[in-house]
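What follows draws every value from the coordinates through simple rules; no lab data is involved. Being a predicted model, the structure only gives us computed values, none of them experimental. Positions of Cβ are backbone-derived with ideal geometry, glycine not excepted, and every protein chain shown enters the neighbour counts.
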């Protein structure tokens, strides 16, 4: 099982962010921590100290947590869950809060993977995104983690930013690759409803790159990173040997996961539910022991859709035998026209065991998935 913990606090709210996060508040953090620890105890007891292979603390900005709070949380997890000997313990961080002291405290707690939210190394873009750090802080944060022996450092970047060109993006990747991170997550900017950036784009103040520019950024960026020794193992993720994120791979492979904290989603034993995003409602739900009451059982159709969608996101692709076991059908026989057309267009490859998308195909993953799942009379 995978365990995810959501820490909902940030130093400030970025212009593009639509995640469940809020500006840090000491009183709310105390309410959050009390509820979170109670929730951990609840599930540890309910599931009889389940074994977890990965622990991922995301947010928000978990690196804002004071060391004593993170230590308390880690001890509570260890008390109520069974940790795998090779546990992958990941934590998300921002460069401004990842000080040498904080890096030292993470290493003491055996955090062995840190995902650092750079988003950009361009000062103008950082201001546009309203990020609370500058490029120099990013370099110092990486150095701090290396000096403390954290041997799996991931960097998160955004592309497709307003007024960004393919040349801008490739220059960014060159600089980032020079840091030699074990992992890179490169996400295309998505405008979220109600964000300040969406408002600026809608009123014409900012202009996003066109489709041709976006395609060039994706394809040329992937080519550059692969030439630097990174494996393009998922639509937005690249890793050096041994650097793949086991936690996220678990999601794509359909492994059961438990989410703790406000807005966290869980999928266990064929059921799925989400915690309330509102802090007060979340705390009240935990206090009353009403967790997972609104859960739903995944239908056969949902399981098929998720198998296809999640598998095609990865370079490993769709296991045809797994598909056959779930559906009772041979995909090549069910969709021969789709398979043939995608092969001819250079979007898909296959052998007798798997079917996977090319880099260009990954750009159209949602549409391709829809073609495979389309109901026909």
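Observations
- Max mean-square fluctuation residue, GNM over the chain, Cα-Cα springs under 10 Å, options 240, 102, 287: 287
- Residue of 93, 74, 274 that the Gaussian network model of the chain assigns the largest fluctuation, springs spanning Cα pairs under 10 Å: 74
- GNM flexibility winner over the chain from 308, 338, 153 (Cα, springs under 10 Å): 338
- Virtual paramagnetic centre 7 Å along Cα→Cβ of residue 99, amide N under 19 Å, in the range 115-129: 117
- Relative contact order (%) - criterion: Cα under 8 Å, at least six apart; region: the range 2-252: 18 percent
- The calculated FRET efficiency for the pair residue 305 and residue 19, based on their C-beta separation and a Förster distance of 30 Å, comes to about 0.80.
- Cα centroid separation, the range 246-324 to the range 80-113: 24 Å.
- Simple spin-label estimate for residue 208 and residue 344 gives 3.2 nm between the two label positions (7 Å along the Cα-to-Cβ direction from each Cα).
- Calculated FRET efficiency for the pair residue 294/residue 109, C-beta based, R₀ 25 Å, to 0.05: 0.15
- Hypothetical label at residue 45: residues of the range 264-290 whose amide nitrogen lies under 19 Å (7 Å Cα-Cβ projection): 283-290
- Additional length obtainable on full extension of the chain from residue 281 to residue 11, 0.36 nm per residue less Cα span: 94.9 nm
- A simple spin-label model places the labels of residue 352 and residue 256 3.5 nm from each other, with each point 7 Å out along Cα-to-Cβ.
- Taking other C-beta atoms within 10 Å as the exposure proxy, 235, 57 rank 235, 57 from fewest upward.
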